[in-house]
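Visitor: For reference, the structure I am asking about is given below.
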Amino acid sequence: QVQLVESGGGLVQAGGSLRLSCAASGSIFSITAMGWYRQAPGKQREWVATITRDGTTYYAGSVKGRFTISRDNGKNTVYLQMNSLKPEDTGIYYCSAARPLGTAWGQGTQVTVSS
């Protein structure tokens, strides 16, 4: 089992920044990649960014150049630095951990960007 706990969400004005954190615990040795997804009100959950075990990063086109995913292996934590935030970035942000037996999810953290 893998447990994921997100933190760092909040309310910010457009153009501002936030940093989300995701702390992993449990069977972390089984994780092959970690990522962030988000879900806006009334919309489906969408992928935002991924960081693989070897440190390769991938981003959705809508956030590329504004968001940065990183990790601290010593703290078993993945971060999402979000800059130049836009109102359309509003939503619940979920951390995910890909494993051979399936994906684990955190409980989510709310990000609200006001115009």
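Visitor: What is the sum of charges around Thr90, taking Lys and Arg as +1, Asp and Glu as -1, for the other residues whose C-beta is under 13 Å from the C-beta of Thr90?
Guide: Once positives and negatives cancel, what remains is 0.
Visitor: Given that compact globular proteins tend to follow 2.2 N^0.38 Å, what is the ratio of the alpha-carbon Rg of the chain to that value?
Guide: So the Cα radius of gyration is 1.00 times the expected 2.2 N^0.38 Å.
Visitor: Measure off 7 Å from each Cα along the Cα-to-Cβ vector at Leu101 and Ala23, then give the distance between these two points in nanometres to one decimal.
Guide: With each label point 7 Å from Cα toward Cβ, the separation is 2.3 nm.
Visitor: Restricting to Cα atoms and excluding each atom paired with itself, what does the Kirkwood estimate give for the range 45-94 in Å?
Guide: After inverting the pairwise mean of 1/r, the radius is 11.8 Å.
Visitor: Report in % the part of the accessible area of the chain that belongs to carbon and sulfur, leaving out ligands and nucleic acids; probe 1.4 Å.
Guide: For the chain, the apolar C and S fraction of the accessible surface comes to 50 percent.
The values are calculated or read from the model by the stated rules, or taken from the named source; none is laboratory data. Worth saying up front: this structure is predicted, and the values here are computed from it rather than measured. With ideal geometry, Cβ positions are generated from the backbone for all residues, glycine too; neighbour counts draw on all protein chains shown. Just so you know, the surface numbers come from the protein's heavy atoms only, side chains and all, with ligands and any DNA or RNA stripped out. Shrake-Rupley method; radii C 1.70, N 1.55, O 1.52, S 1.80 Å.
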